[in-house]
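The block underneath contains the structure these notes are about, expressed in structure tokens.
The values are calculated or read from the model by the stated rules, or taken from the named source; none is laboratory data. If you're wondering where the values come from, they're calculated on a predicted model, not measured in any experiment. Here Cβ is always computed from backbone atoms with ideal geometry, including for glycine, and neighbour counts include all displayed protein chains.
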Amino acid sequence: MAGSARPPRLTPELLAAAYCRGLFPMADDWGNIRWFDPDPRGILPLDAFHVPRRLAKTIRGGRFDVRFDRSFRAVMEACAAPVAGRGETWISAELVDAYEALHCLGLAHSVETWQEGELVGGLYGVAIRGLFAGESMFSRVRDASKVALVHLVDRLRDAGFVLLDTQFLTSHLARFGCVEIPRTRYRQLLARALAADARF
């Protein structure tokens, strides 16, 4: 029947194709998947990343053990967990399953901060060639997610990544050097990133 077709299933292939076009999904309050392509777009220039002095001291102190891709699903579920002062999460169960499948293909990654064997913070995102699209972060201990971000940027620089997409500009990210750029400029950077030979 006309108009009754179900939307395409959120497959890893669909997700990867969307990111290559500058699109990313979020779930609404009812779990429906919606696609976004904001203008302006938030990015964190890798060559202008700023580490606040106090945070640098925390990192030197070695309070956290930083790991990559050890507990991807746990990071996503922590990012989706209720937080005081925030409404419903945009990370639905369908999104968790879809990104975990993308992770199994080597296209989604987590950066995790651990303390005394406990996962206390981290972030996850999508890596396709020279693009890393940061999706969400969480912290159960002060500075845990910030430390993960610093280690992410170090890894992206070392691996030759071109673009760290934050999607939106927030006050939290602004202190690290995050800026907004027009969609047209983002598309140019995205094309350059997808042409790069970088591996997470």
Subject >> Check on Ala81, more than 29 Å from Arg129 (Cβ to Cβ), loosely packed, with under 14 Cβ neighbours inside 10 Å and in contact with a Ser or Thr (Cβ under 9 Å, 6 or more places away or on another chain) >> reply: yes
Original post:
Restricting attention to the range 131-161, and to residues there that are within 21 Å of Leu190 (Cα to Cα) and basic (Lys, Arg), which single residue is surrounded by the most Cβ atoms within 10 Å (Cβ to Cβ)?
Top reply: Arg155
**OP:** Kindly indicate the residue of the range 92-130 that is buried (at least 20 other Cβ atoms within 10 Å of the Cβ) and among the aromatic types (Phe, Trp, Tyr) and also farthest from the chain's Cα centre (by Cα) among those meeting that condition.
**Re:** Tyr99
Subject >> Index of the failed condition, Gly62 passing every other in (1) surrounded by fewer than 13 Cβ atoms within 10 Å (Cβ to Cβ); (2) among the small types (Gly, Ala, Ser); (3) on the phi < 0 side of the Ramachandran plot >> reply: (3)
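Residue-by-condition table, conditions (1) in a helix (DSSP H, G or I); (2) more than 27 Å from Arg21 (Cα to Cα):
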| residue | (1), (2) |
| --- | --- |
| Arg54 | yes, yes |
| Val75 | yes, no |
| Asp97 | yes, no |
| Thr113 | no, yes |
| Tyr124 | no, no |
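Check whether at least one residue in the range 162-171 is exposed (fewer than 14 other Cβ atoms within 10 Å of the Cβ), under 16 Å from Pro25 (Cα atoms) and in contact (Cβ under 8 Å) with a residue 12 or more places away in the chain, and report yes or no. Don't jump to the end; show me each part of the working.
Step one: filter the range 162-171 for residues exposed (fewer than 14 other Cβ atoms within 10 Å of the Cβ), giving 168, 170-171.
Checking the rest, the ones that are also under 16 Å from Pro25 (Cα atoms) come to 168.
In the following step, the residues that additionally are in contact (Cβ under 8 Å) with a residue 12 or more places away in the chain were identified as 168.
Yes.
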Subject >> Exclusive hit being over 28 Å from Ile33 (Cα atoms), in contact with a strand residue (DSSP E or B) (Cβ under 6 Å, 6 or more places away or on another chain) and either of a type outside the set (Ser, Thr, Tyr) or at pLDDT 95 or above (or both), set Val111, Val126, Val153, Val141 >> reply: Val141
